[in-house]
Amino acid sequence: MSAPPLVGVLTVSDRCSRGETVDTSGPALIDLAREKLGARTLPLACVPDEVEQIAANLRAFAAADPAPDLVLTTGGTGLAPRDVTPEATLGVIERRHSGLTELIRRRCYDKTPRAYLSRGEAGTIGRTLVINLPGSTRGAVESLEALLDILPHAIETLRGEVQDDGRPDAQSRTGKVVRHADTQAEE
């Protein structure tokens, strides 16, 4: 990756937003993004489980200058009546990317079948990738870990840095060519 990714984290929690409990999942995601992705991070944000506030914060992240490459939300993805993070996210993303949340569920299933209770969504706002993660520290961290191997390429692609996926007939405009083991066998 040409530059370290810029990552924002939004904690969605009524109790954390009121100061009744300490947010542990947001800081854990920031630490993991710094350690495993070499990320630069924005200050942690925290909002209550309110669609309008979640959506406004996601839009604000994506409109910032510079805009983050990745925004992770933690919390509000379950089945409780106030779990509305997926709905807020769907209201602001421009392009949905359900494959990322499918991959999280599949990779986390062996640790806990409850991974399939998460209703998290993923998609893009401009060139910012937004991914909803569970609110528990363990669930949030394991979910991000499930994506660490593909996030750098996803961010490079979203930035427009990857012009060629290694197809023999493709012409690179940036000189960057990404070759994958699965495409080399076809060449």
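Computed from the coordinates by the stated procedures, all read-outs in this text should not be read as laboratory data. Small disclaimer: the values here were computed from a predicted structure and weren't measured. Because the Cβ atoms are built from the backbone with ideal geometry, glycine has one as well, and the counts that use them run over all protein chains shown.
In a shell of Cβ-Cβ distance under 9 Å around ASP14, excluding ASP14 itself, what net charge do Lys and Arg (+1) and Asp and Glu (-1) give? Don't jump to the answer; show the numbers that get you there.
Working: positive: ARG15, ARG18, ARG82; negative: GLU20, ASP49, GLU50.
Once positives and negatives cancel, what remains is 0.
Report, in deg cm²/dmol and to the nearest 500, the calculated mean residue ellipticity at 222 nm for the chain, where each DSSP H run with n ≥ 4 adds -39500 (n - 2.57) and the sum is divided by the residue count.
Numbers: 8 runs with 69 residues, N = 187.
Helix contribution divided over all residues of the chain: -10000 deg cm²/dmol.
What net charge do the residues around THR101 carry, taking every other residue with its C-beta under 13 Å from that of THR101, with Lys and Arg at +1 and Asp and Glu at -1?
Details: positive: ARG96, ARG105, ARG106, ARG107, ARG119; negative: GLU102, GLU121.
For residues surrounding THR101, the net value is +3.
Proximity of backbone amide H atoms, modeled 1.01 Å from N, is registered between CYS46 and THR11 at under 5 Å, excluding neighbours fewer than 5 places apart on the same chain. Computed from backbone phi, the HN-Hα couplings of the range 9-23 come to 10, 10, 8, 10, 6, 4, 5, 5, 5, 8, x, 7, 8, 8, 6 Hz, rounded to whole numbers (Karplus: 6.51 cos²θ - 1.76 cosθ + 1.60, θ = phi - 60°; Gly and Pro given as x). In terms of surrounding Cβ atoms within a 10 Å radius of their Cβ, THR74, THR124, THR89 rank from fewest to most as THR124, THR89, THR74. Of the labelled figures (1) -0.40, -0.85; (2) -0.41, -0.96; (3) -0.31, -0.75, only one reflects log10 I(q)/I(0) by the Debye sum over Cα atoms at q = 0.10, 0.15 Å⁻¹ as derived from the coordinates, namely (1).
Indicate, rounded to the nearest 5 percent, the antiparallel portion of the DSSP beta bridges found entirely in the chain. Walk me through the numbers on the way to the answer.
Values: 6 of 22 bridges.
That works out to approximately 25 percent antiparallel.
Where does the charge balance sit around THR77 when Lys and Arg score +1, Asp and Glu -1, over other residues with C-beta under 10 Å from its C-beta? Before the final figure, lay out the partial values.
Details: positive: ARG119; negative: ASP83, GLU121.
Once all neighbours under 10 Å are counted, the net charge is -1.
Couplings for the range 31-38, taken from phi via the Karplus curve 6.51 cos²θ - 1.76 cosθ + 1.60 with θ = phi - 60°, read 4, 5, 5, 5, 5, 8, 10, x Hz in order; Gly and Pro are left as x. Would you calculate the separation in nanometres between label points at HIS153 and LEU117, each defined as 7 Å from the Cα along the Cα-to-beta-carbon direction? Calculated label separation equals 3.3 nm. For the range 13-90, what does the alpha-carbon gyration tensor say about shape, rounded, prolate or oblate, given a ≥ b ≥ c as the root eigenvalues, a/c under 1.5 as rounded, and a/b over b/c as prolate? Cα axes put the range 13-90 in the oblate bin.
Under the combined filter of DSSP loop state and at most 14 neighbouring Cβ atoms within 10 Å, the range 18-109 retains these GluC sites (Glu not before Pro): GLU20, GLU94.
Quote the relative contact order of the range 6-184 in percent (integer), defining contacts as alpha-carbon pairs under 8 Å separated by 6+ residues. Please report the intermediate quantities before stating the final value.
On the way: 334 pairs, mean separation 38.3, N = 179.
Reported relative contact order: 21 percent.
Enumerate by residue number the trypsin sites (Lys or Arg not before Pro) in the range 3-44 meeting two conditions: DSSP loop (anything except H, G, I, E, B), and at most 13 other Cβ atoms within 10 Å of the site's Cβ.
For trypsin sites (Lys or Arg not before Pro) across the range 3-44 that sit outside H, G, I, E and B with at most 13 neighbouring Cβ atoms in 10 Å, the list reads ARG18.
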